[in-house]
1. Tell me, in nm to one decimal, what length is gained between GLU14 and ARG97 on full extension, where the rule is 0.36 nm per residue of separation less the Cα-Cα distance?
2. Starting from the Cα of GLU65, step 7 Å along the direction of its Cβ; do the same at LYS114; then give the gap between the two resulting points in nm.
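Values quoted throughout were computed directly from the atomic coordinates according to the rules given, and no laboratory measurement underlies them. It should be emphasised that the depicted structure is a prediction, and the values quoted were computed from it without experimental measurement. Cβ coordinates were reconstructed from backbone atoms using ideal geometry, including for glycine residues, and neighbour counts include every protein chain displayed.
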Amino acid sequence: MSGDRIAAMRRRLEAARDELVSAGDLEFEPLRDDADALERPDEDAAPLTEMNQVIASKRNRERSERLARIQAALRRLEADPDDFGLCEACEEEIAPRRLEVMPWARFCVACQAKQDPERGGARRSLTDYE
Ligand SMILES: [Zn+2]
C-alpha cells in the first residue's frame, strides 16, 4: 500500500476511533434516568430501566469491540504498513471500497463470509469468548 493511502487510512481509523469515543459519552446519558425511577417506584419503571440497561450494555459491548478492532488496525498499520489492506487468510488485497467503509477489516469479503457464514459479519469474534 502506498504511503499516501496509508496516511489516508490512518486518518480514517483515527476519525472512526474519535467518533466512537465521543459517541460513547452521549449513549451513557439515558442511564441517568435511574434517579427518576427511584423517586417513582411504579410497576412499569423498573423493567423499562432494566431493558434500557441491557440495550445500553449491548451497545457498549459492540462499541468496545469495534474500538478494539480499530486500535488493532492502527497498530498493524504502524507495525507493518506494507501488509496493511491484505486479507489475513488468503493474502489478496481487500477491496478498496470495503476498506473505505471498514478500514479495520482484516479479511476480504469472501474470507469474512467463510468465518461467519450465518451473518456475514465479524460479530462472533474471539472477544466473545473472553
Ligand atoms: Zn481473503
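1. Working: separation 83, 0.36 × 83 = 29.88 nm, distance 1.81 nm.
Length gained between GLU14 and ARG97: 28.1 nm.
2. Inter-label distance under the simple model: 2.2 nm.
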